[in-house]
1. Output the number of residues of the range 242-290 satisfying the condition of being without any contact (Cβ under 8 Å) to a residue 24 or more places away in the chain, open to solvent by 60 Å² or more (accessible area, probe 1.4 Å) and more than 20 Å from His179 (Cα to Cα).
2. Condition first: under 10 Å from Ile294 (Cα atoms) and in a loop (DSSP other than H, G, I, E, B). Now tell me which residues in the range 237-275 satisfy that.
3. Is there a residue being at positive phi, open to solvent by less than 50 Å² (accessible area, probe 1.4 Å) and either at pLDDT below 85 or more than 13 Å from the chain's Cα centre (by Cα) (or both) anywhere in the range 122-144?
4. Give the residues of the range 339-361 that are under 13 Å from Ser380 (Cα atoms) and either touching a residue at least 60 places away in the same chain (Cβ under 8 Å) or of a type outside the set (S, T, N, Q) (or both), sorted by residue number.
5. Go through the range 101-156 and give me each residue that's of a type in the set (Asp, Glu) and part of a helix (DSSP H, G or I).
6. Is there any pair with a first residue in the range 437-454 that is touching a residue at least 12 places away in the same chain (Cβ under 8 Å) and under 19 Å from Ala419 (Cβ atoms) and a second that is open to solvent by 40 Å² or more (accessible area, probe 1.4 Å) and in a helix (DSSP H, G or I) whose Cβ atoms are under 6 Å apart and which are 6 or more apart or on different chains, and what are they?
7. Scan the range 111-120 and give yes if some residue there is free of Cβ contacts under 8 Å to residues at least 40 places away in the same chain, open to solvent by less than 40 Å² (accessible area, probe 1.4 Å) and closer than 19 Å to Leu64 by Cα, otherwise no.
8. Residues in the range 343-360 that are among the charged types (D, E, K, R) and touching a Leu at 6+ places or on another chain (Cβ under 8 Å): how many?
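The values are calculated or read from the model by the stated rules, or taken from the named source; none is laboratory data. None of the values given here were measured: they were computed from a predicted structure. With ideal geometry, Cβ positions are generated from the backbone for all residues, glycine too; neighbour counts draw on all protein chains shown. Areas reflect the complete protein model, heavy atoms only, side chains present, ligands, DNA and RNA absent. Shrake-Rupley method; radii C 1.70, N 1.55, O 1.52, S 1.80 Å.
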Amino acid sequence: MSNGSKNVVIPKRAQDLHEKGQQALDNGNYDYAIALFEGALDIAPAFFECRKKLRLAKFRKFDLEKPGVTSIYLKLLFNIKPYLHARYHVLRGEWISAIKEFEKVLSIHPKHKGVLLRLALAAEKNGMIDVAVDSLNAIRCIDPKDVTVIKQMARIYKEAGQLDNARRCYEDVLSINQHDPDAGPELRKIAAIGTIQQTAWDRMETFRDKIKDEEQAKLFEKETKLTRTESEVKDLISSLEKKLALAPQNLSIMKNLSDLYFQLHDYDRAAAHLKSCIEVNPADPTLKRGLALIELKSIERDINRAKEKLFDRPDDEALKTLVRELEHRKSTLRLADCIARVEQYPTNLLLRYELGCLYMESNMVDQAITEFQLSVKTPSKRVQSLNCLGSCFKQKKMFDLAIEQFTAALENMREMTPAKKELVYNLASTYEAMGHIEKAVAEFKKIYTVDIAYRDVAVKIEKTYRGF
């Protein structure tokens, strides 16, 4: 039996354990299934299909038990050794051992994004691309709008030469945020790579032969290369810094330097060069937009670092305060940036929808309603806008208006998609808030019959049979 893109041969013992694990999974015996899948992976760590089933079993067990946040973190605290062992193996470059320890942590909290990210990194370092992508996909199931994770998947696919998969990831990013600064350029690069791969490479060799200065040729190659190593980026920065010293007002050089420092995650220098660009050309709104995105990335980095420390020190009140402050700064910056873009493009209804969502996140309900009442006019965001309007009216306890929005959104939806489940759930919970229990139960049952594990629907339905 082979597995994944690398055609890894799976020993028969591992195959047998996988088959028994599948039977246990089908029968809902999740603990036994997890033990069997882990046994198979001990024998064959690169058994990708088995690792997918292990992830599924852990997710189902977690969703069935629905442990509270306090319970989860107490368990993590009392079982901290696997996490510490995993970090130790990472420092030593022992990727398989690290993956095994991270999986132990995920047995306690399978939806821990930080651990899934570290597992993905360890798998990528060990060349287990399928496992890395599967771990990132697990995060997407938890948080479908985490564009950072989707872009990480795209990068892995791109580096592996799977351009179609990379393209689809970047298209997903744009469907979440059409103004994402990375997705558009990366899609153009992928298109360019596809074109280059179909052309005659010997012409490139001929072109290189015409360049007499070997050092100049190397620099030219680095400047035109679509993907660069960190060393190449640093070489380009050194070259451009020298050019900037001779032409300190050159916008193109400053902008390129900002982009290169951004690639190295040196956000302070990236921001400094972009601020210099703004001083030279203060009327260019794209520069201010770029600066806001750099500041946002910097804050996100600080949040991730603080959360990593908090994972190790969950009772550190100073760290908790820092995370809250950084999250607030992030929300404030995102909101200010979106308001500025709406002021620049007031007729862009997709921007209006984005602004409405940000107002909702900031609990500015009346402002959110104003934006959604505009964005509902664009077909691509009509259903989402109606759903958000209904949620806003529900929050204001205007239940009759909320029901109108949810009902209007559901009019032409036949299949029970994730979007429809959310709408039906919102409609049912609005009836429940109004005290119309029979109507609420009727709506909850629509979800229960197709997805018993959706949110707390099973609990609500079961309560009706015991007397609501």
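1. Within the range 242-290, residues that are without any contact (Cβ under 8 Å) to a residue 24 or more places away in the chain, open to solvent by 60 Å² or more (accessible area, probe 1.4 Å) and more than 20 Å from His179 (Cα to Cα) number 10.
2. Those that are under 10 Å from Ile294 (Cα atoms) and in a loop (DSSP other than H, G, I, E, B): His265, Asp266.
3. Step one: list which residues in the range 122-144 are at positive phi, which gives 127.
Filter once more, so that each one left must be open to solvent by less than 50 Å² (accessible area, probe 1.4 Å): 127.
Those still in the list that are either at pLDDT below 85 or more than 13 Å from the chain's Cα centre (by Cα) (or both) too: 127.
Within the range 122-144, one or more residues are at positive phi, open to solvent by less than 50 Å² (accessible area, probe 1.4 Å) and either at pLDDT below 85 or more than 13 Å from the chain's Cα centre (by Cα) (or both).
4. Of the residues in the range 339-361, the ones under 13 Å from Ser380 (Cα atoms) are 348-354.
Result: Leu349, Leu350, Leu351, Arg352, Tyr353, Glu354.
5. Here is the first cut: in the range 101-156, the ones of a type in the set (Asp, Glu) are 101, 103, 124, 130, 134, 143, 146.
Listed by number, the residues that qualify are Glu101, Glu103, Glu124, Asp130, Asp134.
6. Once the first residue is touching a residue at least 12 places away in the same chain (Cβ under 8 Å) and under 19 Å from Ala419 (Cβ atoms) and sits in the range 437-454, its partners that are open to solvent by 40 Å² or more (accessible area, probe 1.4 Å) and in a helix (DSSP H, G or I) give Ala453/Asp63.
7. Yes, the range 111-120 has at least one match.
8. At the first step, the residues of the range 343-360 found to be among the charged types (D, E, K, R) are 343, 352, 354.
Retained after the next criterion (residues that are touching a Leu at 6+ places or on another chain (Cβ under 8 Å)): 352.
Adding up the residues that qualify gives 1.
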